[in-house]
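The values are calculated or read from the model by the stated rules, or taken from the named source; none is laboratory data. Small disclaimer: the values here were computed from a predicted structure and weren't measured. Every residue, glycine among them, receives a Cβ derived from its backbone with ideal geometry; neighbour counts consider all protein chains shown. The protein model used for the area step is the full one, side chains on, heavy atoms only, and it has no ligands, DNA or RNA in it. Shrake-Rupley method; radii C 1.70, N 1.55, O 1.52, S 1.80 Å.
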Amino acid sequence: MEKMTRREALGRIYRAIVAAGASSFVTFDDLLAAEAQSDKRLNVVWLHGSSCSGCSCALLDIEYVPVLDILTKFTNIVFHPDLSLATGDQVSDIIDRLLKSDLDYLFVLEGGIPTTLPHACLMGDKPMTEWVEPVAKRATAAIGAGTCAALGGIPAMYGTTAGSKTLEGFLAQRGVKTPVVNLPGCPMKPEHFVYTVLHYAMKGSFPEVDGHHRPTKFFGRTLHERCIYYADFQEKNYARFIGDRGCMLKLGCQGPVTRYDCLVTGYNNNTSNCIKAGHPCVGCASEQFPRQIMYHSYGDKRAIKNRRGR
């Protein structure tokens, strides 16, 4: 493996900060200062409710944004289910000591919170409801990481019986006033998390948010407004089948009702997204995700018959 000098390593980290859009309030001098001010780093506690761990995987696996390098420069991760070495009773001890201390921290929740079937999600011998409430109550602020925690997502979809709640909904139900910012996406985009955490670490507040407490920087406009097939929509040039070129509105595309920036900065080093890959937007960051009926048939019977006969 090629060795990097300290300056090269810091340059790589700062390029990632720029890529996340945070260079307007984080300078290279701030990065240098962060190394020497470990006692002033933002403490972060991350818990994992009902979900697939996809948001953590996306956060930790991304290549061009060294997320761990950024987080360890500006934050102190008190606990993360996938990063911390603590297991079993050690985890309970960490959380118990945290709650008894006067330490300020930012709370992050990934996944939903089952309330009518609380034992559907346990950590140790306690349901997630008994972890989230005291940890969130003591936190200075909280982040709903991913669609499951932010807007409900798959754990709260029609037909489920666990009664999964979003972080914001659960705290409101329990009368907890901790401010929450939501970062929907399935999975959550690492750049959104980096930007939001750095904003809070440097300014002591979250970025501007909309009515669903999502940063307007990322969720202020719909995919439809910036779609690569917007001209086709205007010309009424609609795709008939998945994989065809043209506007995919009549294939059930959720772009018009999904506020997200994945067409500006896609996933995996901006490699792709649903629409670029030839598939309708599934609306993974929207309040309606997942829809009970996601797609619609389009095209006359003759066209469908000809397609099948190819």
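Before moving on, here are some points about what is shown:
- Stokes-Einstein diffusion for segment 109-222 at 10 °C, viscosity 1.306 mPa s, with a Kirkwood radius from C-alpha pairs, works out to 110 µm²/s.
- Beta bridges by DSSP in segment 1-150, antiparallel share as percent, to the nearest 5: 20
- Per residue solvent-accessible surface (Å²) - the chain, probe of 1.4 Å: 51
- For segment 147-211, the C-alpha radius of gyration divided by 2.2 N^0.38 Å, with N the number of residues, is 1.25.
- Looking at segment 67-199, the DSSP beta bridges with both ends there are about 30 percent antiparallel.
- Spin-label model, Lys177/Lys217: points 7 Å from Cα along the beta carbon direction are separated by 2.8 nm.
- Sparse packing (at most 12 other Cβ atoms within 10 Å of the Cβ) combined with a DSSP loop state is found for the following GluC sites (Glu not before Pro) in segment 1-56: Glu2.
- Restricting segment 176-252 to GluC sites (Glu not before Pro) that sit in a DSSP loop and have at most 13 other Cβ atoms within 10 Å of their own Cβ leaves Glu208, Glu235.
- Here the label points at Ser24 and Lys276, each 7 Å from Cα along the C-beta direction, are separated by 2.3 nm in the simple model.
- Stretchable slack from Met4 to Glu225, in nm (0.36 nm times residue separation minus alpha-carbon distance): 75.4 nm
- Within straight-line reach of Lys3, meaning a Cα separation under 25 Å, sit the following lysines at least 8 residues removed in sequence or on another chain: Lys73.
- Percent carbon-and-sulfur accessible area, the chain, ignoring ligands, DNA and RNA, probe 1.4 Å: 50
- Set of lysines with alpha-carbon distance to Lys165 below 30 Å, sequence-local pairs under 8 removed: Lys100, Lys126, Lys137, Lys177, Lys189, Lys203, Lys217
- Looking at the chain alone, DSSP beta bridges between its own residues are antiparallel in about 30 percent of cases.
- Which label in (1) 36, 26, 16; (2) 45, 28, 13; (3) 32, 23, 17 gives the computed semi-axes √(5λ) of the Cα gyration tensor in Å: (1)
- Where no second cysteine Cβ lies under 4.7 Å, the cysteines concerned in the chain: Cys52, Cys55, Cys57, Cys121, Cys148, Cys227, Cys247, Cys253, Cys262, Cys274, Cys281
- Restriction of the trypsin sites (Lys or Arg not before Pro) in segment 156-198 to DSSP coil positions whose beta-carbon has at most 11 other beta-carbons within 10 angstrom yields Lys177.
- Per-residue [θ]222 nm for the chain (sum of -39500 (n - 2.57) over DSSP H runs n ≥ 4, rounded to 500): -9500 deg cm²/dmol
- To the nearest ten degrees, helix 190-203 and the longest principal axis of the Cα atoms of the chain are 40 degrees apart.
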